[in-house]
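Every number in this text was worked out from the coordinates using simple rules, so none of it is lab data. Please read these numbers as outputs of a predicted model, since none were measured by experiment. Neighbour counts are summed over all protein chains in view; Cβ atoms, including those assigned to glycine, are modelled from backbone coordinates with ideal geometry.
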Amino acid sequence: MKSSVIGARIALLAASCLCGFFLATACSAQVQTTGGQPGAMQQLNSRSNVQQILQVQGKEDEDYTDFTAVKPQDLDKKIKLGENFLGKYPNSKYAEQVDVGLMNAYYAKQDWKNFYASADRALALRPDEVDVLVTFGWVISHRYDSHDPDAAKLLGEGETYEMRAISDLESMTKPPEMKEVQFSDFKAQKSIQAHSALGLIYFRHKDYENTVKELQQATQSNKSPDQTDLMVLGTSLDQLNRHAEAADSFDKCGQIAGSLQDRCKQFAIAERNQSAQPK
């Protein structure tokens, strides 16, 4: 439409200019003054641009809604829609939420390379996103591989993320749409997970004092303590010659069904025997 209207206007001006010198001069002045595009045309183009922007925004909202509507178990579809969304709208206002959704999907698929990439992108957009900080650090602490050339770097990042998350949790204000009990439960859950990750990170560094400090916070007020946390806590207490406390931790570990149950029961007996030895 734009090209046809402009073409018609130019043709009309050209025909008028043939009528005489003075009209030609006037025609030339009109073209120079308007830049070859009268005000009415500018308004038409402006309205057209606005409509195009609104159409893009409407499609962006629609695509984001489709992404959020995917069932949690349909991981492949979630990932496909999320990656396509970020490709189409790299600067979207929804980009951080999409990255978080992708991070959780890749976590469920245990696709750690893409998990880290999604988490990195989310934190680049929102460095104080507690859920991402806690999950990122927790995965780093549990997937530690001493043979990985980046192992030390990853542990350092994990520690930084969890320390930042704990600080943010302490100063966090309740979102208006969240009930007080929900907010309290959220903070408690994320705090436990952050202290759990820190405990394992310190254990990797053989810093048993801080391991015990962090894992006690992760297990003592936890109705469903993590079996690995209890195992590592008992081992760290043993390293500090706190055998009676180590036996208690292994006892709790041995009461939980899982791959560590039998070993924890054996360690609990050994720690009690060690504790009974004369000092």
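Annotations
- Other residues lying with their Cβ under 15 Å from the Cβ of residue 270 contribute a combined charge of -2, Lys and Arg counting +1, Asp and Glu -1.
- Expected-Rg normalisation [2.2 N^0.38 Å, Cα atoms] applied to the range 56-108: 1.02
- A simple spin-label model places the labels of residue 210 and residue 66 4.7 nm from each other, with each point 7 Å out along Cα-to-Cβ.
- Cleavage-rule hits, trypsin sites (Lys or Arg not before Pro), the range 180-211, DSSP coil, Cβ neighbours within 10 Å at most 16: 206
- Residues in the range 73-83 carry Karplus couplings, in order, of 7, 8, 5, 4, 5, 4, 5, 4, 5, x, 5 Hz; the curve used is 6.51 cos²θ - 1.76 cosθ + 1.60 with θ = phi - 60°, and Gly or Pro positions show x.
- Kirkwood Rh, Cα atoms: Rg over Rh of the range 147-271: 1.04
- Residue-by-residue Karplus 3J(HN,Hα) for the range 148-162, coefficients 6.51, -1.76, 1.60, Hz, glycine and proline x: 5, x, 9, 4, 5, 4, 5, 4, x, 5, x, 4, 4, 5, 5
- Rounded, prolate or oblate (a/c below 1.5 giving rounded, otherwise prolate when a/b exceeds b/c) for the range 159-218 by Cα gyration tensor: prolate
- Eligible lysines near residue 179 by straight Cα distance, threshold 29 Å, same-chain separation 8 or greater: 71, 78, 93, 187, 190, 223
- The trypsin sites (Lys or Arg not before Pro) of the range 207-275 meeting both criteria, a DSSP state outside H, G, I, E and B (loop) and at most 15 other C-beta atoms within 10 angstrom of the site's C-beta, are 223.
- Net charge over other residues, Cβ less than 13 angstrom from the Cβ of residue 173 (K, R count +1; D, E count -1): -3
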